[in-house]
Amino acid sequence: MIILSLVIGTATPAWLATMWYPPDEIIGKSPLVPVLGGLLLLGLVNSWMLWQVLRGPAPMAVPMRRAATWLRLLLYADVMWLLIPSFLPGLVETVIGLVLWVPALVLLTVVLTGSGWPFRLALLLLGLVEPARSLASGLADDSELQRFVSPAYQATVMAAGVATFVVMVMLLLAQRRDGRWSRVTLLIGLGIFASAFLVELVDGLTSGSTIESIAEAMDVLYIVWLARTAHELNREPRQKAPLRVPTAVVAVATVLLLMVVGPEGRAHLTYTWQSDELDEFMECLAWSQPPRVADIPAHKRDRAYMCSVSKPGRHVSDQELLGKGWHACTRFAAGEPVKARPALLALLCPEVIGRKYPDLLLSSAQIDQQQAEKENIEREQLKREARKEDAMCRDPWPALRTRFQATASYYDWDTQPYGIYDAEADTGEDSEVIWNAESVDTLETSGQLALIFTPSQDWATCVTAKALRSAPPPLRGKGWDEVVEADIISESGRLVMQTLSASKVRFPNLARSGPGLYRLRLYTRPGVDLILIYPARRAA
């Protein structure tokens with residue numbers, strides 16, 4: 001294929017035979033000879049790699065434990081996964097690779113001999129750093145490009161790289177201490193370190209023309225190391241003093257792992273609108289306005305604060321939001337001006353905010369109770385004023401006496417009329433007839449409803465209503481500004497006056513003769529209304 005590529009002037013045939021997938025545009029524009037040289041090297045390395053992989057396990061030297069058997073199976077499965085070209089999505093490939101490697105790493109820490117438990121624990125913790133970072137990176141939203149340049153992400157990548165380097169060194173030391181693996185296997189493991197430096201060297205000398213082929217060739221060393229590790233597992237280990245690791249290394253391994261999987265691996269808002277959990281999202285949505293601190297359990301107040309202060313489109317970590325909030329609490333306690341609202345800071349430091357704003361520490365139930373008490377006081381005040389106004393009202397026609405009468409004050413700021421209506425009738429249509437009229441007079445009636453338009457905004461109007469069995473004396477207008485009459489119907493035999501004053505003076509039934517047609521006469525002057533209701537004729 002190398003000769004064919006030289007003849008036709010393109011590296012495509014040699015590339016397809018070696019890499020098993022078409023070359024990209026960059027390879028097509030690179031110089032032909034360096035590319036073919038890299039492919040020739042890769043072909044030789046691939047041949048050697050396939051010979052190492054396909055020869056299979058070595059003859060059984062000693063009985064293998066179950067953990068070693070499973071480890072060899074996982075290592076060969078990992079080798080086959082790395083050899084077979086895959087066109088699956090990136091996240092799927094990452095998950096499959098982790099499913100194969102993480103159990104193998106755990107089994108390696110179990111199978112290796114000659115190493116103490118602190119050494120193996122450090123090896124396991126450091127070995128989980130890179131898988132955790134790869135999984136987190138695969139699950140992350142690629143549209144958030146700012147995370148790739150954030151200091152937290154750069155620190156995470158650096159920590160994962162250091163952890164991977166240390167893990168490989170520890171594995172080679174453990175293999176050497178165990179004694180089952182040959183010197184060639186250990187040298188191939190060491191060659192994995194040299195591959196990174198070789199790739200950078202070739203990249204600088206060739207301006208990237210052969211970087212991909214050299215990188216592919218160096219990746220082969222890792223596959224061969226995995227295959228030889230599985231091939232030589234059935235040898236007998238040497239019994240030596242355990243290889244121990246200082247306690248500080250275990251601590252460093254734990255810190256590196258926390259740097260990858262901890263909350264600052266990627267700056268995010270755990271309890272805000274960006275949360276993927278529906279329950280947390282709805283809970284946070286309910287806290288979009290500052291909630292009252294007494295209504296929220298103590299363990300949820302930090303979450304409520306972050307939901308209230310976060311803004312869509314801004315990627316700020318929980319720790320930064322809380323840090324700013326605590327700093328504002330400190331400044332508030334010192335008497336310095338702060339931009340944050342006291343209602344929000346009360347979620348973080350209620351004891352500080354409560355000294356100046358005690359009302360912010362009250363619960364919604366306490367606020368409602370205070371409001372109810374205030375309204376009760378206002379109602380009682382209105383009742384006292386209404387009783388005083390009622391006591392000042394007098395019957396304007398005392399000579400016309402009846403047991404079915406009452407007097408009350410009517411005070412309305414909105415200049416709305418008061419009414420007389422059949423208590424058991426639907427007066428909606430009658431009301432529409434009155435209100436839809438082009439103009440209204442002092443007394444307007446329609447069917448079973450009568451409205452009196454005489455309220456005043458400047459003083460209370462004393463209203464007296466009297467129910468009579470027969471027609472009163474003829475109209476007399478002396479002492480009154482206006483005297484008008486109209487008909488009103490009562491089908492149920494009950495005509496009631498609406499409640500006028502806050503004292504809730506009860507008026508009697510104004511339809512004394514039962515169902516039928518009644519006559520309503522209104523006498524009015526400033527501050528006084530007199531209403532007489534009597535039957536127009538007997539009901540049929």
Rounded, prolate or oblate: which one fits region 431-507, using the alpha carbon gyration tensor with axes a ≥ b ≥ c (rounded when a/c is under 1.5, else prolate when a/b beats b/c, else oblate)? rounded
Pulled fully out, how much extra length does the chain show between R494 and E482, if you take 0.36 nm times their separation in residues and subtract their Cα-Cα distance? 1.6 nm
Tell me, what % of the accessible area of region 329-472 is carbon and sulfur with a 1.4 angstrom probe? 48 percent
Counting sequence-distant residues (5 or more places) and residues on other chains, those with an amide H built under 5 Å from that of A465 are A406, I531
Assuming R0 = 60 Å, can you tell me the calculated FRET efficiency for the pair E385 and Q319, based on Cβ-Cβ distance, to the nearest 0.05? 0.55
Expressed as a whole percentage, what fraction of the accessible surface of region 474-516 belongs to carbon and sulfur atoms when a 1.4 Å probe is rolled over the protein heavy atoms? 47 percent
Segments 398-409, 475-486 sorted - mean Cβ within 10 Å per residue, highest first: 398-409, 475-486
Peptides 359-372, 505-518 ordered by average Cβ neighbours within 10 Å, highest first: 505-518, 359-372
Might you tell me the accessible area per residue for region 461-523, computed with a 1.4 Å probe and given in Å²? 46 Å²
Express the accessible area of region 74-126 per residue in Å², computed with a 1.4 Å probe while the remaining protein chains stay in the model. 44 Å²
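The values are calculated or read from the model by the stated rules, or taken from the named source; none is laboratory data. What you see is a predicted model, and the numbers here were worked out from it, not measured in a lab. Because the Cβ atoms are built from the backbone with ideal geometry, glycine has one as well, and the counts that use them run over all protein chains shown. Ligands, DNA and RNA are excluded from the accessible area calculation, which covers all protein heavy atoms including side chains. Shrake-Rupley method; radii C 1.70, N 1.55, O 1.52, S 1.80 Å.
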